[in-house]
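Visitor: One structure is given below, represented as structure tokens, and several questions about it will come after.
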Amino acid sequence: MDKVKYWLNLADEDMSVARLLMDGKKYLQAGFFCHLTAEKAIKAVISSKSDEIPPKIHDLKVLARQGGISGDLTEGQFSLLERLNPLQIEARYPEYKSEIVTTLSAGICQEIYDETEAFLCWIKQRLDK
């Protein structure tokens, strides 16, 4: 399996897990998996342009710059990356959980989920996979 497909398959799996978490009303965790989806989708873009392994960082805006797509993002896509960035903190730094969870509701998480799904589709179209 080539490296681009590898990252896209991981992104698809994370999107599926996000759906399960949304259905189970686990909104913080669903948001985290949406972040993972976007991160892996962008790492697929990075992999398509270089033989190097994508950097082991989680900041979506930095990754988008490294992937050369930050200038192509719509305002909505850029906003999505800004919304997703704090959600990766919960798994790595649980002391921030209570602060982040107060910003989430079923409606907000559904928006994030839908926008993440659309972002993944956009990345796939760009990569023509």
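The values are calculated or read from the model by the stated rules, or taken from the named source; none is laboratory data. What you see is a predicted model; the values in this text were computed from it and never measured. No Cβ is skipped: glycine too gets one built from the backbone with ideal geometry, and neighbour counts run over all protein chains shown.
Visitor: Within the set of pairs 6 or more residues apart or between chains, which connect a residue that is part of a helix (DSSP H, G or I) inside the stretch 40-54 to a residue that is among the acidic types (Asp, Glu) with Cβ atoms less than 7 Å apart?
Guide: Hits for this filter: LYS40/ASP14.
Visitor: Taking the stretch 1-39 on its own, how many of its residues are in contact (Cβ under 8 Å) with a residue 12 or more places away in the chain, surrounded by fewer than 22 Cβ atoms within 10 Å (Cβ to Cβ) and under 15 Å from LEU127 (Cβ atoms)?
Guide: 6
Visitor: Take LEU21 and tell me if it is part of a helix (DSSP H, G or I), out of contact with any Leu (no Cβ under 7 Å at 6 or more places or on another chain), closer than 16 Å to GLU117 by Cα and hydrophobic (A, V, I, L, M, F, W, C).
Guide: The answer is yes for LEU21.
Visitor: While we're looking at this one, here's another question. So is LYS56 at pLDDT 95 or above and among the basic types (Lys, Arg) or not?
Guide: no
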